[in-house]
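Heads up, the thing below is written out as structure tokens.
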């Protein structure tokens, strides 16, 4: 494989074989989205463009590397960088190994300096439960006793304020998460959109909506991959190096809902250029599989309730398909085919529910089109004063 991503390499291969025009004409004539994906999937197979799965093994050698890099940042009093590297060390370490216990212990030292005494104690307990060397235990037990003494001075990392709620008398009767200050309109030319129904003053609450689907896109080593909250003592998935969680509960929930399918393939997908829009489209298709019902996906009718907790509203977001080039649709069909291929060949996702393969392809390609127009990043700069104690 070249350094190009898979779909880019496929286009170059077709150009080199002087087949791009024929492929383009064939692709344009296919009506069904799932058939478009099948067509590109066949091209990927025929041209040997789908590399073998990268086996995401835990590796103590890599863990040791990240831990030593973390030590260097710790000495330089760069605590955020140190925590991230120690967390990578924990993610790569083999279960119940000396390396994982050392990484937890080293991270606990940074957390102590953070004044994150609760998290420090949790990491020390993790180190001890993972066979921390007996000759080193006195040092971390002393740190734990000091943390217990200082826990009333715990630094609060919950830098967010509780979201305000819409007053009961101002809740919009037709938009679940909005106030009466807005309403939904529709025109054939512009589609569905929201307009103000009254004067809105600065500071007025318009809407308070929880995302139905989400995925972490950066800061992988200081945010929970399930609930997304900031956390400086993440715990790893025992099977892969890619997923980290703030608690056992989040880890169990993620595994039950979607990570049991993503676990084996995530490092391969990321290494082969799958971006946040590709991965969120796949996750949506995974999460709705057991409740998917094509008959319930009719467009939201005028004067019906627009709900934030229902997939139907997500399914009917605008795709701007008519404005897309064949090249753009081909690229999105290729990424869909790649996601389908690795999920099909390396997990039991499709074995558990019959007749979902076609729907999966349709849904992922759909959301690869709706995502660019409708999905949004929520970005937050790290606001903690990451200072060491005097």
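Brief remarks follow.
- Cα centroid of the range 273-294 to Cα centroid of the range 104-153, whole Å: 39 Å
- The modelled label-to-label distance for the pair residue 296/residue 24, using points 7 Å beyond Cα in the direction of Cβ, is 4.2 nm.
- Gyration tensor over alpha-carbon atoms, the range 60-153, equivalent ellipsoid semi-axes in Å: 20, 16, 10
- Computed across the range 1-78, the Kirkwood hydrodynamic radius from all distinct Cα-Cα pairs reaches 16.2 Å.
- When all alpha carbon pairs of the chain are counted in 20 Å bins from zero, the resulting P(r) reads 23, 47, 28, 2 %.
- Backbone N atoms of the range 65-107 closer than 13 Å to the 7 Å Cα→Cβ label point of residue 131 belong to residues 94-102.
- Whole-number percent relative contact order across the range 164-260, with pairs defined as alpha carbons under 8 Å at least 6 apart: 16 percent
- DSSP beta bridges in the chain [antiparallel fraction, %, rounded to 5]: 90 percent
- Relative to the dominant Cα principal axis of the chain, helix 98-114 is inclined by about 80°.
- In this structure, residue 322 and residue 374 have a Cβ-Cβ separation that, at R0 = 22 Å, corresponds to a calculated FRET efficiency of about 0.85.
- Annotation: extensible slack from residue 346 through residue 308 equals 10.4 nm (criterion: 0.36 nm per residue apart, minus Cα-Cα distance).
- Semi-axis lengths (Å, descending) of the ellipsoid that matches the C-alpha gyration tensor of the range 104-210: 53, 16, 10
- Taking 373, 227, 120 in turn, the Gaussian network model of the chain (Cα-Cα springs below 10 Å) assigns the largest fluctuation to 373.
- Cα long-axis angle, helix 33-46 against the chain (0 to 90 degrees, to the nearest 10): 70 degrees
- Rounded to 10°, Cα long-axis angle of helix 6-16 versus longest principal axis of the chain: 50 degrees
- Using C-alpha pairs under 8 Å with a sequence gap of at least 6, the mean separation divided by the residue count of the range 60-153 gives a relative contact order of 25 percent.
FYI, it's all coordinate maths here, none of it is from the lab. Bear in mind the structure is a predicted one, so any value in this text is a computation, not a measurement. Ideal geometry is used to build each Cβ from the backbone, glycine not excepted, and the neighbour counts take in all protein chains shown.
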